[in-house]
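Below is one structure, written out as structure tokens; comments come after it.
The values are calculated or read from the model by the stated rules, or taken from the named source; none is laboratory data. Owing to the predicted nature of the structure, the values given are computational and were not obtained by experimental measurement. Cβ atoms come from the backbone with ideal geometry, glycine included; neighbour counts cover every protein chain shown.
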Amino acid sequence: MKIPVIIDTDPGMDDAIAIFLAFSAEKLDIRALTTVAGNIPIEKTTSNTLDLVSYTGKETKVSKGAERPLIRTLETAEYVHGNTGLGTLELPKGTMTVYNKKAWDTIYEEAQACDGRLQLVCLGPLTNIAITLTLYPDIKDKIERITLMGGSSYLGNTTPSAEFNIYVDAEAADIVFKSGIPITMVTLDATNKSVVYENEMKKIYSIESKITDAVKELLDFNASFRRKNEGLDGAIIHDALAVAAVIEPTIIQKESYYVAIETAGKLTYGRTVIDMNRTTKNMSNAEVSLGLDRERFIEMLEQMVRDYS
């Protein structure tokens, strides 16, 4: 039986690859995509999502979500993803239009329709999910699992303490982690190890497919950023690992811990405080990934491109 999922997203280069991967997976029944402001503002994330879905040749609902965090001013990441969010990639304009319900109403609508089996795959700030939980408290019993790309057990990529998706709206993340819904947290610990090296990129580009050119644009732009700023010989596509973990849960190594979100610290706002030594005695509220099967991840990306042949 297919897994019913909603992908909450802020495309974003790595979101784009994640969306391609999700639509290539026979295991997933993609009920909707919901958009959120994050990597870029909401109008662009929504436009990109519509165009990406059209480009795959698939159909699903696309619902527009929150244009800003719950409390804070929005901070975006064009310096990583380019002004459009997709680097140098220019997708043809699709004919899809935005669904007539907001993201949180769509999430609740699908949760009711899926009889407790719906999973959320969150690739950006958690604003939409927090709003859904606030407006529809009974949804806690209607969501099977939330798999999110976010957080870290050690260092951040936006501040010394915080990873971008959590940092953009830590108050929303706090609500989600306190919700009681089972959470799989795909952290920087794992995604920073999910490097697609230059030789592997070339192998992917050699596969003839309708998405090969788009994947090449995305990975080349990403790799150029990594090379310039991190001295890395390859690309890192954080969000795709979260989708891969839903398709094939054994691709990440994970352990259950208690995770709290720092919302008050002057220097540590947005930090995911993971009780790895179990000093608080609090009950675990998340499966935390600290590693992955990188070779299997690369195989999945190669298969993704072939599946669009």
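Here is how the numbers come out for the structure above:
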item: Of all residues making up region 204-245, the number that are over 22 Å from the mean Cα position of the chain (by Cα), assigned to a helix (DSSP H, G or I) and basic (Lys, Arg); result: 2
item: Any hit, region 189-210, residues being touching a Phe, Trp or Tyr at 6+ places or on another chain (Cβ under 8 Å) and hydrophobic (A, V, I, L, M, F, W, C); result: no
item: Contacts under 8 angstrom Cβ, first residue in region 258-285 being at positive phi, partner of a type in the set (Asp, Glu) and not in a strand (DSSP E or B), 6 or more apart; result: 270/163; 270/262
item: Filter result for residue 201 (part of a helix (DSSP H, G or I), on the phi < 0 side of the Ramachandran plot, hydrophobic (A, V, I, L, M, F, W, C) and touching a residue at least 12 places away in the same chain (Cβ under 8 Å)); result: yes
item: Test: residue in region 14-27 that is in a helix (DSSP H, G or I), modelled with pLDDT of 95 or more and of a type in the set (Val, Ile, Thr); result: yes
item: Single residue of region 252-309 satisfying the filter (among the polar types (S, T, N, Q) and either in contact with a Cys (Cβ under 8 Å, 6 or more places away or on another chain) or in a strand (DSSP E or B) (or both)) that is nearest to residue 158 (Cα to Cα); result: 272
item: Residue within region 81-96 that is surrounded by fewer than 22 Cβ atoms within 10 Å (Cβ to Cβ), in contact (Cβ under 8 Å) with a residue 24 or more places away in the chain and outside any loop (DSSP other than H, G, I, E, B) present; result: no
item: Qualifying position, being surrounded by fewer than 19 Cβ atoms within 10 Å (Cβ to Cβ) and touching a strand residue (DSSP E or B) at 6+ places or on another chain (Cβ under 7 Å), among 197, 205; result: 197
item: Condition met for residue 39 (under 16 Å from the mean Cα position of the chain (by Cα), surrounded by 19 or more Cβ atoms within 10 Å (Cβ to Cβ), under 25 Å from residue 309 (Cα atoms) and polar (S, T, N, Q)); result: no
item: When residues of region 115-142 are limited to those that are farther than 17 Å from residue 245 by Cα and aliphatic (A, V, I, L, M), the one surrounded by the most Cβ atoms within 10 Å (Cβ to Cβ); result: 126
item: Leading residue by the ranking (surrounded by the most Cβ atoms within 10 Å (Cβ to Cβ)) among those in region 55-67 that are closer than 23 Å to residue 109 by Cα and touching a residue at least 40 places away in the same chain (Cβ under 8 Å); result: 65
item: Scope region 101-115; condition in contact with a helix residue (DSSP H, G or I) (Cβ under 7 Å, 6 or more places away or on another chain) and of a type in the set (Lys, Arg); matching residues; result: 101
item: Number of positions in region 132-149 that are over 24 Å from residue 249 (Cα atoms) and charged (D, E, K, R); result: 1
item: Flag for residue 229 being under 23 Å from residue 81 (Cα atoms), at pLDDT below 95 and buried (at least 22 other Cβ atoms within 10 Å of the Cβ); result: no
